[in-house]
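Working notes for the structure below.
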Amino acid sequence: MSQRFYITTPIYYVNDKPHIGHTYTTVLADVIARHRRMLGEEVYFLTGTDEHGQKIEKTAAARGMTPQALADEVMPNFRKLWERMEITHDYFVRTTDAAHKAVIQERFLQLLASSDIYKATYKGLYSVSDEAYVTETQAKEMQAQGLAHQLVELEEESYFFRLARYENWLIQLYEQYPEFVQPEFRLNEVKQFVSPGGERGFLQDLSISRTSITWGIPVPGDARHVVYVWFDALLNYLSACREGFWPPTVQVVGKDILRFHAIYWPAFLMAMFREAGDDLDGPLPARIREQLPHTILAHGWWLMGEDKMSKSKGNVVRPEELLRFGNDAARFFFMREMQVGLDRSFSFEGFMDRLNADLANGLGNLASRTLSMLQRYRKGVVPAAEVLDAQDREVLEAGRAVAPAYLAKAAASDFQGALDLLWTYLRHLDGYIVKAEPWKLAKDPAAQAKLDTVLCQLYRALRVTAVLVAPVMPDLAQQLWTGLGQSGRVADQRFANFQYEAPADAPVAEPTPLFQRIDKEAVMQEDQVPAAGATAYEVAPAVPEVAQPAPEPAPEETPLDLPPVKDVIEYDTFALMDLRVGQVLTAERVPKSKKLIKMTVDMGFETRTILGGIGTAYAPEDLVNRKVVVVANLAPRALMGTMSHGMLLAASDNNSKPYLVAPPDDAKPGFVVR
Ligand code: MSP
């Protein structure tokens, strides 16, 4: 029987649409899943959505809808995105599924019966953002990080999980099975948390029910309580596992949720799988270890500048921004740029540079040169390499070594390292072409054997590349594979059966570009900036009270192109918007952008940086001192790498330039527009 491989992603909260942080986690898991299939393993790949808890309850309340309606609205964004990105999950779990709920209640009762869960009163501090009680040490840490506002005093009756009981086994798990958390340096963080400085008796029991919220799975037999969202969420891996695949082989998580996965999760499982005679103070039984996840793989964060990309900071990049260059491009970028475990700063320019260098030039160029030479000199038929000089032999040896080296890195989930060494090899081949000068060889009847060798080696390099990168770039790899005259699906190849030196199946095709070079300058000019996609003035709502007639009436011969009036909203919805008078202090153009102007604006209560897409209508010097209307409570967002905190109101139809909405001169910065 082939080896079984069970891989999971975290399940995503449905309080927001996916950003590239979420996308990265899922793509990483998908690349591993596809890779394992090509290793001949039988894979079960699980993803889904985390739909209960306070975050969802609050977001739904703010939007005037039920949490279930919110979940039903947001969940499809994840499903659709995964489809667009060719994610090959076998199952998509929702924590609101009846089958999942049943498992949670059943397991809750099991642990209640084994006294791993008990009821008591909790009094202390609670972190709203983490949805967790915090110890005094943690509270101090949060205060030091300026997060004190997220702490509230709480006294409530709660069910507790006897986490402290499992301290001994947890520590043994980390000591004896260091592969449990990867990369290894992350394991140290976990150890530090469980037993700081090697101290014992530090771990406290964990509250696993809430009475303060209602949006959750009711505690069986005590419906005043709902099950704590992390007990509910973590158990998705159990409730949605396919028969025969337990335990998880690799669980991909971000470092922010490592603690939940490396401490609470194995402890819950230990409690569920232990037997009455097991000694909790004795050695961790191998039988228990075998039921626990083999590896929790914790990756770092995508940052914007120095900050984590996250909804609450309003600095997110949406996957659509990357996907307009193709799915393979986005997937490749994630795998090529991010070293699993470390953080990485996102830059849109860096993204375009990487694709141009590695896909349009690098691989794309090598493929089109090789195929066109094979066409021109050999009618597409791949020759054998029979005569090898020292240089050819060096290329052959490097070529033979490339797949084993790539696979070794990939086995440790180091796709960045794997792709790096593969691209180093491809670059090396560019040098080989330059030295061998095949265009000269072609003209020399005595050099035909050497030309055969060169062409054959280039062909082999491309073929092994197609196979190795298939999990990362499924479509590009298939195109390359088919172009090389290979039959069938590249994804159906098995690494173990792959023969570097095997003859080609059939003649190669005419070259077709693998990846269209991105015209960076043109893209930057378009102002196709992250997030909403629309420039500020296109989404600015009309504010009749302060709107002034446009200073220059539109010429008569151009009919106005007015968008239809949007759906009616309630007054309460309108009142959520905080419009203020501001005064522009400084203004300058954003380099490489036609439309964007960066301004500092006096808001009366503070000075802000705001970017506006008004550069085609206003010169920076015209803006200084001008009074403007600002949407003051719009979440900050990144525009071409700079954070913009608010938006200026401007009026226009679909075609004309934007006209800034101008408050009267005596209006003061900070005045409320209502
Ligand atoms: N619902 C919980 C997970 C429960 S798993 C039993 C949750 N959801 S989340 O939607 O907020 O985030 C899920 C994952 O997205 C994070 O763990 C992390 O893997 C990923 N990321 C979110 N922001 C990220 C970055 N800025 N960078 C990289 N990944 C990050 O947590």
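Table for the structure above
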{"quantity": "Test set (1) assigned to a helix (DSSP H, G or I); (2) at pLDDT 95 or above - Phe92 fails condition number", "calculated": "(1)"}
{"quantity": "Some residue of region 156-165 being away from the ligand (no atom under 16 Å from the Cβ), modelled with pLDDT of 95 or more and in a strand (DSSP E or B)", "calculated": "yes"}
{"quantity": "Residue match in region 353-364 (condition: open to solvent by 10 Å² or more (accessible area, probe 1.4 Å) and within 20 Å of the chain's Cα centre (by Cα))", "calculated": "yes"}
{"quantity": "Residue match in region 448-465 (condition: over 19 Å from Arg369 (Cα atoms) and open to solvent by less than 20 Å² (accessible area, probe 1.4 Å))", "calculated": "no"}
{"quantity": "Test set (1) open to solvent by 10 Å² or more (accessible area, probe 1.4 Å); (2) within 16 Å of the ligand (Cβ to nearest atom) - Gln291 fails condition number", "calculated": "(2)"}
{"quantity": "Flag for Val469 being at pLDDT 95 or above, open to solvent by less than 30 Å² (accessible area, probe 1.4 Å) and either more than 30 Å from Pro664 (Cα to Cα) or out of contact with any His (no Cβ under 8 Å at 6 or more places or on another chain) (or both)", "calculated": "yes"}
{"quantity": "Qualifying residues in region 384-440 (those that are assigned to a loop (DSSP other than H, G, I, E, B) and not hydrophobic (A, V, I, L, M, F, W, C)) - the one most open to solvent (accessible area, probe 1.4 Å)", "calculated": "Glu386"}
{"quantity": "Qualifying residue in region 342-351 (condition: open to solvent by less than 40 Å² (accessible area, probe 1.4 Å) and in contact with a strand residue (DSSP E or B) (Cβ under 7 Å, 6 or more places away or on another chain))", "calculated": "yes"}
{"quantity": "Residue count, region 321-330 (criterion: open to solvent by less than 10 Å² (accessible area, probe 1.4 Å) and within 15 Å of the ligand (Cβ to nearest atom))", "calculated": "2"}
{"quantity": "Looking only at region 207-220, and only at residues there that are open to solvent by less than 20 Å² (accessible area, probe 1.4 Å) and within 16 Å of the ligand (Cβ to nearest atom), the one that is nearest to Glu155 (Cα to Cα)", "calculated": "Arg210"}
{"quantity": "Filtered residue count, region 1-17, keeping only those that are part of a loop (DSSP other than H, G, I, E, B) and either open to solvent by 10 Å² or more (accessible area, probe 1.4 Å) or near the ligand (Cβ under 8 Å from one of its atoms) (or both)", "calculated": "9"}
{"quantity": "Per-region count, region 103-137, residues within 21 Å of Leu203 (Cα to Cα), open to solvent by 30 Å² or more (accessible area, probe 1.4 Å) and in a helix (DSSP H, G or I)", "calculated": "3"}
{"quantity": "Residues of region 471-494 classified as free of Cβ contacts under 8 Å to residues at least 12 places away in the same chain and either of a type in the set (S, T, N, Q) or not in a helix (DSSP H, G or I) (or both), total", "calculated": "2"}
{"quantity": "Subset of region 20-69 (residues that are polar (S, T, N, Q), open to solvent by less than 20 Å² (accessible area, probe 1.4 Å) and part of a helix (DSSP H, G or I))", "calculated": "Thr23, Thr25, Thr26"}
{"quantity": "Region 296-320 - residue that is surrounded by fewer than 19 Cβ atoms within 10 Å (Cβ to Cβ) and under 23 Å from Thr88 (Cα atoms) and, of those, farthest from the ligand (Cβ to nearest atom)", "calculated": "Glu320"}
{"quantity": "Members of region 141-181 that are within 29 Å of the chain's Cα centre (by Cα) and among the polar types (S, T, N, Q)", "calculated": "Gln143, Gln145, Gln150"}
{"quantity": "Count of residues meeting criterion [within 14 Å of the ligand (Cβ to nearest atom), within 22 Å of Phe334 (Cβ to Cβ) and small (Gly, Ala, Ser)] in region 31-58", "calculated": "1"}
{"quantity": "Output for region 221-262, where each listed residue is open to solvent by 20 Å² or more (accessible area, probe 1.4 Å), without any contact (Cβ under 8 Å) to a residue 60 or more places away in the chain and either near the ligand (Cβ under 9 Å from one of its atoms) or of a type in the set (A, V, I, L, M) (or both)", "calculated": "Ala223, Asp256"}
{"quantity": "Qualifying residue in region 621-630 (condition: open to solvent by less than 30 Å² (accessible area, probe 1.4 Å), over 16 Å from Val672 (Cα atoms), in contact with a strand residue (DSSP E or B) (Cβ under 8 Å, 6 or more places away or on another chain) and at pLDDT 90 or above)", "calculated": "yes"}
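The values are calculated or read from the model by the stated rules, or taken from the named source; none is laboratory data. These numbers come from a predicted model, not from an experiment. Using ideal geometry, Cβ is built from the backbone for each residue, glycine included, and neighbour counts are taken over all protein chains shown. Surface areas here come from the heavy atoms of the whole protein model, side chains and all, with no ligands, DNA or RNA. Shrake-Rupley method; radii C 1.70, N 1.55, O 1.52, S 1.80 Å.
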